[in-house]
Amino acid sequence: MNEVNRQIWRDGTFVPWADATVHILSQSLQRGSLIFDYMSVHDTSRGPAVFRLSEHIDRFIASGKIVGLPLNYSKAELLQACVATVQQNPGSTSLKISALLAGIEIDIVPQDPTVAVFVAAYDSRTDIARGKPGKFHFAPELKLKVEREKTNRKPEIITPHAKVAANYTSPMMAKWQARREGYDDIILLNENDCVAEAPTANLFIAPTANNLVTPPGELVLLGITRATIVEMAPAMGLSCVERDIPVAELLDAPEVFLTGTSVGVWPVVQIENRNVGNGRVGDVTRRLAQRYQKIVSGEDPEFDHWMFYIDEN
Ligand code: PMP
């Protein structure tokens with residue numbers, strides 16, 4: 001086993017990585033009720049910075065409200081827990097906050113509604129993938145499958161706005177099957193056969209060189225990177241609209257990309273064995289990816305307000 005030398009924040013105290021555990025019979029593990037949010041930490045000239053920390057914590061609190069988990073912390077306390085955890089774990093690139101019902105329950109309704117909060121800061125490459133070459137799938141340019149069997153995004157079950165463990169099981173099943181078929185990722189459709197999102201990323205198309213389209217917010221997770229692209233677009237001379245994207249339009253789009261905290265802007269070069277555009281990363285996608293990288297590196301004054309500098313808070 002890897003010796004991971006990290007400290008995880010658990011309800012106000014730090015515990016070693018290996019001790020940040022919950023019981024096998026805990027309510028959240030058995031019922032999928034854990035909520036979480038995932039943020040990126042960047043090494044900048046002003047020290048470590050978390051990209052849009054405040055918005056991530058707002059979404060985390062919103063997930064708790066949707067699922068009905070009573071969080072016993074204010075937003076200021078959660079922000080402080082994140083700051084302390086990043087400071088405690090130098091060299092981190094990922095920050096994950098989770099809340100769960102850690103008690104052992106009989107019924108699905110917890111008799112003990114105490115919610116435990118954990119905050120972890122780490123680097124996936126050195127802390128998790130180290131010593132396991134080839135075990136983790138990563139493609140810098142994506143080949144996607146359109147998932148037609150499972151329409152995953154329905155507001156009348158759990159809204160996709162909640163980052164709750166249970167929302168990831170159906171996409172996991174579909175994506176696992178797609179991996180066996182040689183794809184990197186999948187596109188989930190909504191009930192009207194229009195594009196929704198990927199299991200852990202939002203989707204955009206660029207129908208022309210100066211125009212972006214992304215599916216409406218109702219049936220997708222309100223991605224922070226998605227919001228970032230929508231807000232950056234005008235500064236780059238791009239118009240951006242939210243509207244339904246039928247599958248046929250997706251398949252004909254000259255540029256397609258995914259967005260998410262872990263990679264930023266992620267080019268799609270193939271969908272179901274058809275090239276997207278000429279099968280290479282398109283200009284709009286490349287320009288957005290470069291600008292995004294500049295912003296998260298703390299080198300873009302226009303959008304520096306999105307950077308939460310840990311040592312200055
Ligand atoms: N959709 C889903 C379902 C996700 O889990 C994620 C990852 N958080 C995203 C989209 C992308 O969101 P963000 O840009 O906030 O990482």
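For the chain, with only Lys/Arg (+1) and Asp/Glu (-1) charged at the beta-carbon, what is the dipole magnitude about the Cα centre, in debye rounded to 20?
660 debye
Checking the cross-link filter: which aspartates and glutamates have an alpha carbon closer than 13 Å to that of Lys145, excluding same-chain neighbours under 8 positions apart?
The reachable aspartates and glutamates, counting only those whose Cα sits under 13 Å from Lys145, are Glu181, Asp184, Asp185, Glu197, Glu272.
What is the fewest-to-most order of Phe136, Phe303 by other Cβ atoms lying within 10 Å of their Cβ?
Least to most surrounded, the residues fall as Phe136, Phe303.
Would you mind pulling out the separation of the Cα centroids of region 264-294 and region 203-239, in Å?
Region 264-294 and region 203-239 have Cα centres separated by 14 Å.
List the chymotrypsin sites (Phe, Trp or Tyr not before Pro) within region 163-239 that fall in a DSSP loop (any state other than H, G, I, E or B) and whose Cβ has at most 14 other Cβ atoms within 10 Å.
Answer in residue order: no site qualifies.
Mind sorting Phe51, Phe14 by how few other Cβ atoms lie within 10 Å of their own Cβ, fewest first?
In order of increasing Cβ crowding within 10 Å: Phe14, Phe51.
For the chain, what is the mean residue ellipticity at 222 nm derived from helices alone (per DSSP H run of n ≥ 4: -39500 (n - 2.57); sum divided by total residues; nearest 500 deg cm²/dmol)?
One gets -7000 deg cm²/dmol as the mean residue ellipticity at 222 nm.
Sorting His23, His161 on the 10 Å Cβ count, fewest up front, what's the list?
Result, fewest neighbours first: His23, His161.
Contour minus end-to-end for Val4 and Asp283, with contour as 0.36 nm per residue of separation and end-to-end as the Cα-Cα distance?
Taking Val4 through Asp283 to full extension adds about 96.4 nm, to one decimal.
How tilted is helix 283-296 with respect to the longest principal axis of the chain? Cα atoms for both, answer in degrees (0 to 90, nearest 10).
That helix lies at roughly 30 degrees to the long axis.
Cα axis of helix 53-67 to longest principal axis of the chain: angle in degrees, 0 to 90, nearest 10?
The answer is roughly 80 degrees.
For Glu141 and Ala227, what does the FRET efficiency come to when R0 = 22 Å and r is the distance between their Cβ atoms, rounded to the nearest 0.05?
With a Förster radius of 22 Å, E is 0.40.
Using a Gaussian network model on the chain with a 10 Å cutoff between Cα atoms, which of Asp193, Asp300, Asp107 fluctuates the most?
Residue with maximal mean-square fluctuation among Asp193, Asp300, Asp107: Asp107.
Step through the table entries Lys65/Lys96; Lys132/Lys163; Lys163/Lys294; Lys65/Lys163; Lys96/Lys154; Lys75/Lys163, compare each Cα-Cα distance with 22 Å, and write down the pairs that go over it.
Pairs exceeding the cut-off: Lys132/Lys163; Lys163/Lys294; Lys96/Lys154.
We did not get these values from a lab; they are worked out from the coordinates using the rules stated. Here the structure is a predicted model, which means the values were calculated and not measured. Note that we place each Cβ from the backbone using ideal geometry, even for glycine, and neighbour counts take in every protein chain shown.
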